[in-house]
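The values are calculated or read from the model by the stated rules, or taken from the named source; none is laboratory data. Keep in mind it's a predicted model, so treat the numbers as computed, not measured. With ideal geometry, Cβ positions are generated from the backbone for all residues, glycine too; neighbour counts draw on all protein chains shown. Side chains are part of the model used for accessible areas, which takes the heavy atoms of the whole protein and leaves out ligands, DNA and RNA. Shrake-Rupley method; radii C 1.70, N 1.55, O 1.52, S 1.80 Å.
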Amino acid sequence: MTQELQTIRLEDYEPPTHLVDDVELHFDLEPQRTRVRARLCMRANPARTDRSTGLRLAGRNLALVRVSLNGRQLAEDAFQQDDEGLTVSSVPESFEIETLVEINPEANTALEGLYRASGIYCTQCEPEGFRKITFYPDRPDVMARFTVTVAGPLADCPVLLSNGNLVASGPLDDGRHFATFEDPFPKPSYLFALVAGKLTAIEDRFVTRSGREVG
């Protein structure tokens, strides 16, 4: 698959209309029907030039299940989805927006976003792959703290990994398990990473010339 290259010039730069402070992601991994729930804590950017009250989030190849604003599910006439993203007609100065989408990692042969290869779930988000995972202001000048929960079948995905520190993990009722990671450092969406599957670790230890043991 080829994509037409787009030239981006500094003189055309526009600051983002909204900033993201915190992101909570929840993945229910399935080869052909992974569900991704995203909750974004957002606020209007004081430096924005566009003063409209609408919100635009990037998103490609996402099957939208529902979208909520400050805990209330939006009616169909309050938002619009197209091939490149989601537009919410009106949002307050600060708010929480939550979306639930479905994606198909096994059919993702472009290897952008979340895909599954040789039984392993992987992500590739640079430069604009995150928009194939969930709706988001997918640009490098939007930095946020991420908390990520990954759930999947224990038999197929004994190892669940994402950015940050492991803060919780355990079994679920249906033969699945979960792991939650917190990344305390704000980062752009293209640095997001997730890996899940049957992974093994190779460990070794050696002693340096100074006598320090490294492992």
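Reducing segment 121-194 and segment 34-82 to their Cα centroids gives an inter-centroid distance of 19 Å.
Provide the FRET efficiency to the nearest 0.05 for the Asp173-Glu106 pair, computing r from the beta carbons and using R0 = 22 Å. After rounding, the FRET efficiency stands at 0.35. Taking every C-alpha pair closer than 8 Å and separated by at least 6 residues, the mean separation divided by the residue count of the chain gives a relative contact order of 20 percent. Between Asn163 and Thr200, full extension at 0.36 nm per residue minus the direct alpha carbon distance yields a gain of 11.5 nm.
The largest-to-smallest principal axis extents of the Cα set in the chain are 61, 46, 37 Å. Among 31-37, 134-140, sorting by the average number of other beta carbon atoms lying within 10 angstrom of each residue, highest first, gives 134-140, 31-37.
What the Cβ-Cβ distance of Asp22 and Ala117 gives, at R0 = 41 Å and to the nearest 0.05, is a FRET efficiency of 0.85.
Just checking the listed ones, Ser89, Ser189, Ser162: in the Gaussian network model of the chain with Cα springs under 10 Å, the one fluctuating most is Ser89. Hey, any idea what % of segment 20-74's accessible area is carbon plus sulfur with a 1.4 Å probe? Ligands and nucleic acids excluded, carbon and sulfur give 42 percent.
In terms of accessible area, using a 1.4 Å probe and ignoring ligands and nucleic acids, Tyr190, Tyr121, Tyr115 rank largest first as Tyr190, Tyr115, Tyr121.
The stretch between Ser89 and Cys41, if pulled fully straight at 0.36 nm per residue, gains 15.5 nm over its current Cα-Cα span.
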